[in-house]
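The values are calculated or read from the model by the stated rules, or taken from the named source; none is laboratory data. All values derive from a computational prediction rather than experimental measurement. With ideal geometry, Cβ positions are generated from the backbone for all residues, glycine too; neighbour counts draw on all protein chains shown.
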Amino acid sequence: MLLFFAGFVQGSTALAGKLNRSAGGDSTVNTATYEAVTGVSAEDDKNAWDNFYKNKSDLYGKEPISFLKEHLHLITRGRALVPAMGEGRNAIYLAKNGFQVEGIDYSEIAVQKALANAKSAQVSFKAIVQDLHYFHFQENYYDLVVVCLYYDKVLLSQFKRAVKRGGYLIFYNKLDQQDSKILNKVRVPDDFAVKSGELKEGLKDFQIKEYREYKDFDTRVAAILARKP
Ligand SMILES: C[S@@+](CC[C@H](N)C(=O)[O-])C[C@H]1O[C@@H](n2cnc3c(N)ncnc32)[C@H](O)[C@@H]1O
C-alpha cells in the first residue's frame with residue numbers, strides 16, 4: 001500500500017504483485033477470480049488504468065458529480081471515504097466542504113494527479129494507492145462513502161460496513177449495456193455498470209433517501225443516496 005497525505009509520502013510498501021479479486025473479497029458473494037470473470041488479469045486492468053491516466057488528464061472532469069453536490073446539505077461533516085477516486089474530483093470537493101477525506105485508487109498515476117489537483121485547490125486529503133480488494137475497511141467509521149463510476153458486488157458489503165450508523169452511502173454508476181472501451185489499445189472493461197434497480201436492491205437494508213435513473217452527460221446513470229439505519 002502506498003499512502004500519501006497532502007503530497008507527502010507517509011509510508012510505502014510495494015503494490016501487491018499479481019492481483020486477484022477473490023482474495024480480499026466476500027467469498028459468499030463471488031468466489032470466481034477476476035480473470036475468470038473478465039478474461040483479463042486484474043494487473044492488466046490496473047496497468048490499463050495507469051496508461052489511460054498517463055495519456056490524458058481530467059478524464060472525468062474536475063467537477064464533482066452533481067448528485068453529490070445536490071445532497072451534501074443532508075450529510076453531517078466528518079469522515080468521508082472515496083473508493084476508486086480517480087483524479088480526485090469528488091474527494092477534493094468533500095475536502096473543500098469540511099470533510100476529512102480518504103481517497104483510494106490502485107492507479108498511482110491517478111493518485112498523483114489527485115494530489116496535484118488538491119494542491120491547486122488548496123485542500124488536502126489522505127490519498128492511498130491500493131487495490132480496494134486489499135483495503136481494510138474500518139467498521140462503522142465514515143459519515144459518508146462516495147462511490148462514483150465504480151461498482152463491484154464483491155465490495156458492496158465492505159462499503160456498507162464502513163459507513164457509520166446514521167451515515168450515508170452514495171453510488172453513481174453507469175447503467176448496464178454500455179460496451180467495453182478500447183483505450184490506448186488496451187481493453188478497459190466497463191464492468192462497473194449496474195443493472196436497472198441493482199443499487200436499490202443492494203441497499204435495501206439501508207434507508208433509501210433518493211434513487212434515480214436518468215441521463216447525465218449523454219449517459220444513462222443510476223444514483224442512490226442511502227442512510228445506514
Ligand atoms: C471509471 S474511473 C472513475 C474515477 C472516479 N471515481 C471519478 O468518477 O472521477 C474508475 C477508477 O477505479 C479505479 N479502480 C478500478 N479498480 C480498482 C481497484 N480494484 N482498486 C482500486 N481502484 C480501482 C481505476 O484506477 C479508476 O481510477
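Residues that are within 11 Å of the ligand (Cβ to nearest atom), surrounded by fewer than 16 Cβ atoms within 10 Å (Cβ to Cβ) and not hydroxyl-bearing (Ser, Thr, Tyr) within the stretch 53-62 comprise Asp58, Gly61, Lys62, listed in sequence order. Only one entry in Val188, Val163, Val145 is surrounded by fewer than 19 Cβ atoms within 10 Å (Cβ to Cβ) and either under 20 Å from Ala84 (Cβ atoms) or modelled with pLDDT of 95 or more (or both), namely Val188.
Determine which member of the set Asp45, Asp50 is of a type in the set (D, E, K, R), within 10 Å of the ligand (Cβ to nearest atom) and either under 21 Å from Ala223 (Cβ atoms) or buried (at least 20 other Cβ atoms within 10 Å of the Cβ) (or both). Only one candidate passes the filter, namely Asp45. Only residues that are polar (S, T, N, Q) and touching a Lys or Arg at 6+ places or on another chain (Cβ under 9 Å) were counted in the stretch 121-146, giving 3.
Taking each residue of the stretch 151-173 that is away from the ligand (no atom under 16 Å from the Cβ) and looking for partners that are in a strand (DSSP E or B) and among the β-branched types (Val, Ile, Thr) with beta-carbon atoms closer than 6 Å, six or more apart or interchain, yields Val163/Val145. Does Tyr151 satisfy being of a type outside the set (Val, Ile, Thr) and within 19 Å of Gln207 (Cα to Cα)? In short, no.
I'd like to check something: does the stretch 46-55 contain any residue that is hydrophobic (A, V, I, L, M, F, W, C), farther than 27 Å from Glu210 by Cα and in contact with a helix residue (DSSP H, G or I) (Cβ under 6 Å, 6 or more places away or on another chain)?
no
If you go through the stretch 86-104 and pick out every residue that is touching a strand residue (DSSP E or B) at 6+ places or on another chain (Cβ under 7 Å) and farther than 17 Å from Leu144 by Cβ, you end up with 1. The residue that is nearest to the ligand (Cβ to nearest atom), counting only those in the stretch 63-79 that are closer than 16 Å to Asn173 by Cβ and of a type in the set (A, V, I, L, M, F, W, C), is Ile65. Does the stretch 85-104 include one or more residues that are touching a residue at least 12 places away in the same chain (Cβ under 8 Å), surrounded by fewer than 16 Cβ atoms within 10 Å (Cβ to Cβ) and acidic (Asp, Glu)? Checking the stretch 85-104: not a single residue is touching a residue at least 12 places away in the same chain (Cβ under 8 Å), surrounded by fewer than 16 Cβ atoms within 10 Å (Cβ to Cβ) and acidic (Asp, Glu).
Of everything in the stretch 113-126, what is crowded, with 16+ Cβ neighbours inside 10 Å and either farther than 26 Å from Ala48 by Cβ or away from the ligand (no atom under 12 Å from the Cβ) (or both)? Give them in sequence order. If the condition is that a residue be crowded, with 16+ Cβ neighbours inside 10 Å and either farther than 26 Å from Ala48 by Cβ or away from the ligand (no atom under 12 Å from the Cβ) (or both), then Leu115, Ala118, Val123, Ser124, Phe125, Lys126 are the ones that fit.
Scanning the stretch 80-92 for residues that are within 11 Å of the ligand (Cβ to nearest atom) and touching a helix residue (DSSP H, G or I) at 6+ places or on another chain (Cβ under 7 Å) turns up Val82, Pro83, Ala84, Met85, Gly86, Glu87, Gly88, Asn90, Ala91, Ile92.
Being in a loop (DSSP other than H, G, I, E, B) and under 30 Å from Glu43 (Cα atoms) is the filter; apply it to the stretch 189-216 and report the residue that is nearest to the chain's Cα centre (by Cα). Lay out the reasoning, then the answer.
Filtering the stretch 189-216 for residues in a loop (DSSP other than H, G, I, E, B) gives 189-193, 195-197, 203-206.
Keeping just the survivors that are under 30 Å from Glu43 (Cα atoms) gives 189-193, 195-196, 203.
Working: Pro189: 15, Asp190: 14, Asp191: 13, Phe192: 10, Ala193: 13, Lys195: 18, Ser196: 19, Leu203: 17 Å.
The selected residue is Phe192.
Output the number of residues of the stretch 217-226 satisfying the condition of being under 17 Å from Lys69 (Cβ atoms) and in a strand (DSSP E or B). Quick ask: steps written out before the conclusion?
In the first step, residues of the stretch 217-226 are kept if they are under 17 Å from Lys69 (Cβ atoms); the result is 217, 221, 223-225.
Cutting the leftovers down to in a strand (DSSP E or B) gives us 221, 223-225.
Summing the residues that are under 17 Å from Lys69 (Cβ atoms) and in a strand (DSSP E or B) in the stretch 217-226 gives 4.
Could you grab me the full set of residues in the stretch 97-112 that are within 16 Å of Tyr53 (Cα to Cα) and within 15 Å of the chain's Cα centre (by Cα)? Matches in the stretch 97-112: Ile104, Asp105, Tyr106, Ser107, Glu108, Ala110, Val111.
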